[in-house]
2 protein chains.
Amino acid sequence: MRTFISISFCLILFFGCEKPISSNSISVNDIEALKEAITNSKAGDEIVMANGIWEDVQIEFSGQGTEDEPIVLRAETPGKVTIEGVSNLKIGGQYLIVKDLHFKNGHTPTKNVIQFKIDDENIAMYSKVTNCVIEEFTQPNREVSDQWVEFWGRHNELSNCYIAGKSNFGPTVMVRLNGNEHIKNYHKIINNHFGPRPRKGGPHGETLQVGDSYTSMTPSHTIVSNNLFDRCNGEVEIISSKSNFNEFTNNVFFESEGSLVLRHGNYAKIDGNVFIGNDNSEFIGGIRVVNTGHWITNNYFYKLKGKVFRSPLAVMNGIPRSPLNRYNQVTDVVVAYNTYIDCESPFQFGVGSNVSQSEVLPESEIRSARAIRTIVANNLIYNHNPDDQPVVAHDSVDGVMFAKNILNSPNHSPVKSEGLITKDFKVKEVSDGLFVPTENFESVYPGFDFETITTDLFGNDRTKQNAVGAIIVPVKDGVVLVDKKNYGTDWFATEKSAYEAQTLQVSNVEELVGQLQKANSGDILALNPGAYELNEKLIINKNITITSSDKNNKAELIFNSDSIAFELHPKARLQLDDIFMKGNGNQNAFATLDKNMTKAYDLFLENVELDNFKNVLQVSKGAFADTISVVNSVIKNSNRGFQLNKETDDKGDYNAEFVILKNNEFTNINETILDYHRGGYDESTIGGNLVFQNNTVTNSGKQEADHILIKNRGIINVDFSNNTFKNNPVKLIAVLWGEKDQKPVDNTIENSGEIQVVQNLKLKLMY
Amino acid sequence: MRTFISISFCLILFFGCEKPISSNSISVNDIEALKEAITNSKAGDEIVMANGIWEDVQIEFSGQGTEDEPIVLRAETPGKVTIEGVSNLKIGGQYLIVKDLHFKNGHTPTKNVIQFKIDDENIAMYSKVTNCVIEEFTQPNREVSDQWVEFWGRHNELSNCYIAGKSNFGPTVMVRLNGNEHIKNYHKIINNHFGPRPRKGGPHGETLQVGDSYTSMTPSHTIVSNNLFDRCNGEVEIISSKSNFNEFTNNVFFESEGSLVLRHGNYAKIDGNVFIGNDNSEFIGGIRVVNTGHWITNNYFYKLKGKVFRSPLAVMNGIPRSPLNRYNQVTDVVVAYNTYIDCESPFQFGVGSNVSQSEVLPESEIRSARAIRTIVANNLIYNHNPDDQPVVAHDSVDGVMFAKNILNSPNHSPVKSEGLITKDFKVKEVSDGLFVPTENFESVYPGFDFETITTDLFGNDRTKQNAVGAIIVPVKDGVVLVDKKNYGTDWFATEKSAYEAQTLQVSNVEELVGQLQKANSGDILALNPGAYELNEKLIINKNITITSSDKNNKAELIFNSDSIAFELHPKARLQLDDIFMKGNGNQNAFATLDKNMTKAYDLFLENVELDNFKNVLQVSKGAFADTISVVNSVIKNSNRGFQLNKETDDKGDYNAEFVILKNNEFTNINETILDYHRGGYDESTIGGNLVFQNNTVTNSGKQEADHILIKNRGIINVDFSNNTFKNNPVKLIAVLWGEKDQKPVDNTIENSGEIQVVQNLKLKLMY
């Protein structure tokens, strides 16, 4: 391969400065030239990657820069160098800077996209990655685990990057601490925009993890500051801190379905963060606390609806003498000077208490050790609609001291304390979502070392004038909770302009197939009345709605294809409205790919009639639906219904986040209507959501081997109400899980077995 | 009570100094005056306790000094104020100094003699206790636990004190970390002389403990430097470090039967310490390592014979995912630049590996996690008598990296490494026990962060000239390993002049009773031939030898007393030589007090004949013998032999450290010859030592309910050899413990049951 290197060398002499600064800029056009440039690089060099697509490149950026003269690897123009295909970047050495690169349309062949070491002998120190983008650089097989940025060494930095769209297993950013070279690292993760991470289903979807369960005793000192976590919905832990002395300051958590979790390790500082929820999601949490010595100060919580594990403040029970990888007792935690605006029951203690499950769990899993020596002081709680349960005690709170907390609602919770003070006060909205009290409550509790809390959320000096809550009033003009411009790169547009969907008319099979192929994501295919006989499966790999142009004269799709009617590919969003679908009894109506379901899909059916299929929905292991919603539809004469039962490793994973079946008729389904499975003892991963409401099920289940009509084993949230079951020859309609508050409500059962409630399910231990 | 206060006030003005220093000296004669003076004290005050005995005083020394003007509480003359009886001292406030006091002849009514807090609201900070003595201030009941100095708060100091003779349960000095006020404490424990602490038998006899099993994640930063640990024999842990970031530097461990143990917590610094053993004790250990990130550098180990747990370097196996209070895996430990002179097999790894005991232990007790990422480098090993097993691997050492370690013996251990280098080199003795090589081995392994090891044991700069081992040669003239003058107070004499024992002749019972009472400790009573009929028990509360003046015509002691012949009190040391003892069948020949056996006793019998007693030795719970030695004696026609079986709590305690029965005849003993019990699953407390050698046992055990002649359950070290058993109608002679390498050797058995060896004893878990 011919390589091209252009070298420009300039020596700049400053008057009055003894040391000349040499800058050596090397432009490279391909990987061979890049390798050579890296091999030859020395302190002060700048290696410039030519604009264009760099496909299938594995870059090992090693070198020895200095503080004054780092070695830089950068794009010719920020954002104009895209790294695609099977590619990655490893960094090893000192004072190395990578900037302006864009990773997309690909995935890493290793465990990391960017790794701060080349090997154990060649570890990055004092190096940084800045102004880069990693966008949907996700593994084809969602079950293959990787981390996009993996920190090793000490004093490294990830700054001003935009990172979004990780669908596969593994935290987006991981800080490794395994070895003396990597502790006391003082890494900086600052000014980044962590864009949306889709729901993953089960564990291993953190946006940031610092350490692991074996580093709970390790001093890390990682600094996570001024980042925007923007709809990071991967799992219940947005950030999982698993080491000591980490600092999480001045970050914004925007509508992110999870919590900042102090999972292992101790002495975290959580100061000046903003948590913004919204009105309808109970998935959006705040801070979950395990272990010792954390200081949670000056944080602002707005409209968080999360409960229990996802509470604005969730203080967990520990396991007495916990095994290293489980739950240590909370001790010596300080929660002071925080503000909670329109949060429901923000203080929850004894979270995870499971003494009642002693019969199904070993002693080493019983979380009975309550928080001790914990101080909750000088916090402000305001609710526009009174919330008279500011504290929820899942166990006794005898180890928690409340002092000088002020709330505007009456406290009718069982937790009474002189430190929970109801006052009639006002707040005003000074900018979007930012409510501040109209007065300062200056009488504060002076706890041990509280004098070290020297400023408020906006940096105002507490030593001069102090007040309860995160904010001392008045605030400066123009203060906002979140300004997206402050995060991420200086070149990448995170907001795409909205596409205006087209409606494409279809009158026959050829048009249907053709338009489906041509349609842009978001388009609607409107089928004129008539029968469409399809000899091949229809492939859905974008957002497509198929509807009947005349709702009173619905189009009929007749499938003669071999095994599948609709094949759902990654990122498919298929909506069928007002359609008849008829199969030949041998196909699946909907099926995912057999493998490499790299991203989630959605399926919406409304006013659809399905007749004579094998399975209604068949999925593969690793396939994940965000939402499956079937309403006002008829499903009949088929072998099985929805088969979301391939995650059988019993590690907490499952095949769909939301399954909504409402107002449907199921008739003559030979086996199960639904098999929706989540295996493994319920841990902090608390998903699987089933709504089975107002359906009528008739003459079904007669060939079901287990004699159960609806299987929902291990699914945490189940609404099972107002259904009618007639003449289904099964023993059980469903088994509900009492400990998760599942119960049948207003169902009508005729000649159809029974609905069983089991208080404690015995599930396989995951840890 | 009339109180007397004399106040002298002096104002000293320094020329050129803007701030006048005021000194207010208040003399106090009794506790009321002291209380008043404390109540009224202010920064700069000095409270002077009048010389004399202060009996039954509980002092609460509170106040607010400043860095420049502390408040001082001191003796009028150092050492002339003794605090006696039921007394203690609590300190609370800032910048308080206590000095020159002598605690003796008493014990504390609370859990501490000196406590660095008064209560949770009144905690000592920046305060110190210096130039004081605590001497045998031990609880009457040895089983009552206390700590003599208990640290709380931050920045407190114990310096230049002499502390010795603690016999009861509980560490001598304890650092508490439970609460944010007490972490990151930077306490200093410096320049102290920790004098002899007697063997305790079982756990809870540490000389210093820093934290507990719940503070393994807590930053402590306690500094333990320049202390002399002088025959601190309390238990296997001289120091038990149970928290993070503690520093143990430049201490001398002199003939102390135990180790410096990194029991919980991580990142200890152990630098520049000297460990001095002696030729015959296998109890004297070095450093035992558990957990992560410790740096063990520049230490000097001399003539240590300890093995396994007590090895010069004992690196333990951990329990995978250990419970909080058990054993974490060793990771990231550095052992560098240490010198081992005449130590046997100094490097031992996989210590505590107990996979072989899986059948008797739960999984949560199995230590199978080997050390990983551990570096052993630049150490020097010299043995005058070649030791070809420098490394003992109780498990694989695949996680340990050896580099540039130099030894003078061939390495025939199974652990081979290029990092274990045999060289023919010489050492010379530059002062008592201090051997240094005659040359520097300058090629050292440059590990990560090794440049932070900047000096050697004696402070020589390693950055200029470096060498393997703790010492760079040449050393300065006059360097010694230990100079006792450098430790402890400036007034207390730790070495008592030797008493010259008297021999007192005795011819009748009155003389015997009278002389026994009058005798000084160490004296000998020589009994003239004849029979001595005693109607009362003889009380032994000192060191007494009773012998026959004519060994060929032994004196005969005939006891008519009710229940006891000899009553052994605390500190008794009774030696009987060449004596006949005859009982009435209802007494015990020897018995301890029923309670308050505050200190250990010893019993030595040689050429003694005992006839017709109930029990030979009966003890109470809490009574502890250091040594029971019976040789060349005859014991006959009694109900039971030695009953050392009262520690039945199964917590690792036992009634005697050494039991030596050699060359004796036991005849017609109805039940057991010996019942010597230690309960609780064997943990790092590894005591109980039985020698049962060359005895002849005849016609005994016929009424023993369990049909066992000798009970030694749970005793760790047993030598059972060359005995003869004839016509003893029992099932078992004894049960030996295979896992502890116990085996019968060359015993002759006729018509006497059998000796059983059980590989793994199932004992009650202690934790």
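Tabulated values for the structure
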item	result
Too-long pairs where the Cα-Cα distance tops 29 Å, listed order kept, from A:Lys416/B:Lys35; B:Lys731/B:Lys764; B:Lys484/B:Lys662; B:Lys485/B:Lys621	A:Lys416/B:Lys35; B:Lys484/B:Lys662; B:Lys485/B:Lys621
Cα gyration tensor shape of segment B:209-255, rounded if a/c is under 1.5, else prolate or oblate by comparing a/b with b/c	oblate
Ranked packing of A:314-326, B:303-315, A:687-699, most packed first, by mean Cβ within 10 Å	B:303-315, A:314-326, A:687-699
Kirkwood Rh, angstrom, segment B:641-767 [1 / mean 1/r, Cα pairs]	14.5 Å
Net dipole in debye of the protein assembly as shown [+1 Lys, Arg Cβ; -1 Asp, Glu Cβ; about Cα centre; nearest 20]	680 debye
Point-charge dipole on Cβ atoms (K/R +1, D/E -1) for chain B, about Cα centre, debye to 20	860 debye
For the protein assembly as shown, calculated [θ]222 nm from helices alone, where every DSSP H run of n ≥ 4 adds -39500 (n - 2.57)	-1000 deg cm²/dmol
Coordinate range along principal axes, alpha carbons of the protein assembly as shown, Å, largest first	133, 90, 75
Proximal charge balance of B:Asp342 [Cβ under 10 Å; K/R count +1, D/E count -1]	-1
Backbone HN-Hα couplings from phi across segment B:739-745 [Karplus 6.51/-1.76/1.60, Hz, Gly and Pro as x]	5, 9, 6, 7, 8, x, 10
When segment B:524-758 is reduced to its Cα atoms, the Kirkwood hydrodynamic radius in Å	17.7 Å
Inter-chain shielding of A:440-451 (mean C-beta neighbours from other protein chains, 10 Å cut-off)	1
Cut-off 19 Å, label 7 Å out along Cα→Cβ of B:Lys702, residues of segment B:708-751 by amide N	B:708-710, B:725-733, B:750-751
Percent of beta bridges antiparallel (DSSP, segment B:524-758, rounded to nearest 5)	0 percent
Interchain or long-range residues, amide H under 5 Å from B:Ile372's placed H	B:Val330, B:Thr331, B:Asp332
Tensor-based shape of segment B:67-186 (alpha-carbon gyration tensor, a/c under 1.5 rounded, otherwise prolate or oblate)	oblate
For B:Thr66, residues with placed amide H under 5 Å, excluding near neighbours	B:Gly44, B:Ile71
Order of A:His412, B:His569 under a 10 Å beta carbon neighbour criterion, fewest first	A:His412, B:His569
12 Å Cα-Cα reach of B:Lys42 towards aspartates and glutamates, excluding residues that sit fewer than 8 places from it in its own chain	B:Glu69
For A:Val757, inter-copy label distances in nm, listed shortest first [label point 7 Å out on the Cα-Cβ vector]	6.2
Filter on A:Lys269/A:Lys423; A:Lys269/A:Lys428; A:Lys582/A:Lys636; A:Lys166/A:Lys599 - keep pairs with C-alpha separation over 18 Å	A:Lys269/A:Lys423; A:Lys269/A:Lys428
Furthest towards positive pole of dipole, A:Ile686, A:Ser700, A:Ile673, structure part segment A:639-767, Cβ charges	A:Ser700
Teacher prompt: A:Thr696 distances to equivalent labels in other copies, 7 Å Cα→Cβ, nm	10.4
Computed magnitude of the charge dipole of segment A:639-767 (debye, nearest 20; Cβ of K, R +1, Cβ of D, E -1)	200 debye
Burial order of peptide ranges B:284-297, A:421-434 (average beta-carbon count within 10 Å, highest first)	B:284-297, A:421-434
Phi-based couplings in Hz for segment B:213-228 (Karplus 6.51, -1.76, 1.60; Gly and Pro marked x)	5, 8, 10, 5, 10, 9, x, 10, 6, 7, 10, 10, 9, 6, 9, 10
Residue-averaged beta-carbon neighbours from other chains (10 angstrom radius) around B:329-335	3
Per-peptide average of other Cβ atoms within 10 Å, ordering A:46-54, A:240-248, B:88-96 highest first	A:240-248, B:88-96, A:46-54
Candidate aspartates and glutamates for bridging to B:Lys551, where Cα separation is under 14 Å - those fewer than 8 sequence places away on the same chain excluded	B:Asp577, B:Asp578, B:Glu606, B:Glu609
Anisotropy class of chain B from Cα gyration tensor, a/c 1.5 cut	oblate
Position A:Asn722, label points 7 Å along Cα→Cβ, spacing to each other copy in nm (shortest first, one decimal)	9.4
³J(HN,Hα), Karplus 6.51/-1.76/1.60, whole Hz, each residue of segment A:539-550, x for Gly, Pro	9, 10, 10, 8, 8, 10, 10, 10, 9, 9, 5, 10
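Where a number appears in this text, it was derived from the coordinates with a stated rule and is not lab data. Source: prediction; values computed, not measured. So basically every Cβ, Gly included, is an ideal-geometry build from the backbone, and we count neighbours across all protein chains shown.
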